[in-house]
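S.K.: Structure in structure tokens, see below.
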Amino acid sequence: MTSNPSAKRSSAIKRSPHKGSEDPAHLEEILRRSFVAHVAIDDGGPVIIPVACAPSKDRSELLLHGSTASRLFNRLEEGVDACVEMTLLEGLVLARSSYESSMHYKSLVAFGRARALEGQEKLDALDALVEHLLPHRLPELRASYEQELKATAIVAFPLDDYTIKVSGSDPKDKPEDISAPIWAGIVPIVESFGEPIPAKNLNPDISVPSYINTWKRS
């Protein structure tokens with residue numbers, strides 16, 4: 001995940017290391033399905049903010065979207081040390097005791113310093129964000145006004161020092177609990193898009209775009 005020994009220590013898994021994964025498919029799934037990343041910095045005290053995100057084209061960086069008026073993004077553009085986290089929650093594990101009950105999830109925690117994007121690189125990153133969040137919608141949207149672009153901050157966060165944890169096992173009850181008359185198993189958590197709700201000021205002659213029917217949360 002990283003060739004920097006000192007950086008590796010910062011992201012090494014200490015709790016439940018058996019859940020660590022270096023499978024590229026897990027990284028790809030987290031990047032593909034995540035719309036929000038939680039970004040943490042030390043700004044005279046701990047601060048963590050959820051922001052819209054998208055992977056860069058080559059998956060080497062995570063694009064983070066915010067406001068130029070944001071203290072967080074001002075600090076990120078200065079190159080402060082930061083931590084980024086994303087989690088896919090996939091199920092609840094119901095064991096026969098509260099202690100052994102848990103969750104199914106895939107999570108990524110990355111450490112590094114972001115870099116500000118400007119010019120064409122910023123425009124390309126904005127397009128990548130829109131395509132990630134709203135697939136196939138970009139061609140029909142109007143171009144951003146200059147003042148809108150000035151108000152928007154985009155940074156690229158490196159994905160070269162990270163850890164992934166995956167939890168997907170059966171309940172791990174203690175042997176003496178297995179015979180208890182208590183149901184045990186997995187309750188999946190499934191995300192899906194609902195029925196589109198038109199804006200109150202939408203022309204009734206405009207129908208729901210067909211591409212929305214292709215959107216899947218899987």
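Coordinate-derived values only; no laboratory data. Keep in mind that what you see is a predicted model, and the values were worked out from it rather than measured. Cβ atoms come from the backbone with ideal geometry, glycine included; neighbour counts cover every protein chain shown.
S.K.: Say each of Asp205 and His18 gets a label point 7 Å from the Cα, pointing the same way as Cα to Cβ; how far apart are those two points in nm?
M.R.: With each label point 7 Å from Cα toward Cβ, the separation is 6.5 nm.
S.K.: Then there's this: Would you pull out the residues with amide H under 5 Å of Gly112's amide H, same chain only if 5 or more places away, H placed 1.01 Å from N?
M.R.: Ala82
S.K.: What shape does the stretch 139-218 have by the C-alpha gyration tensor, where a ≥ b ≥ c are the square roots of the eigenvalues, rounded means a/c under 1.5, and otherwise prolate means a/b greater than b/c and oblate the rest?
M.R.: oblate
S.K.: Moving on to the next point. With +1 on each Lys and Arg Cβ and -1 on each Asp and Glu Cβ, and nothing else charged, work out how big the dipole of the stretch 21-85 is about its Cα centre, in Debye to the nearest 20.
M.R.: 320 debye
S.K.: Can I ask one more? Residue by residue, what Karplus-based ³J(HN,Hα) values in Hz, rounded to whole numbers, does the stretch 109-118 have, using 6.51, -1.76 and 1.60 with θ = phi - 60° and x for Gly and Pro?
M.R.: With coefficients 6.51, -1.76 and 1.60, one gets 10, 10, 10, x, 10, 6, 10, 6, 10, 9 Hz.
S.K.: How long are the three semi-axes of the equivalent ellipsoid of the chain, in whole Å, if each is the root of 5 times an eigenvalue of the C-alpha gyration tensor, listed from largest down?
M.R.: Each semi-axis is √(5λ); the values are 35, 27, 15 Å.
S.K.: Follow-up question, since we're still on this one. In nm, give the distance between the simple-model label positions of Arg32 and Ser169, each being 7 Å from the Cα along the Cα-to-Cβ direction.
M.R.: 2.7 nm
S.K.: Could I ask something else about it? Using Cα positions and a limit of under 26 Å, work out the lysines in reach of Lys122, with same-chain residues fewer than 8 apart set aside.
M.R.: Qualifying lysines at Cα under 26 Å: Lys57, Lys150.
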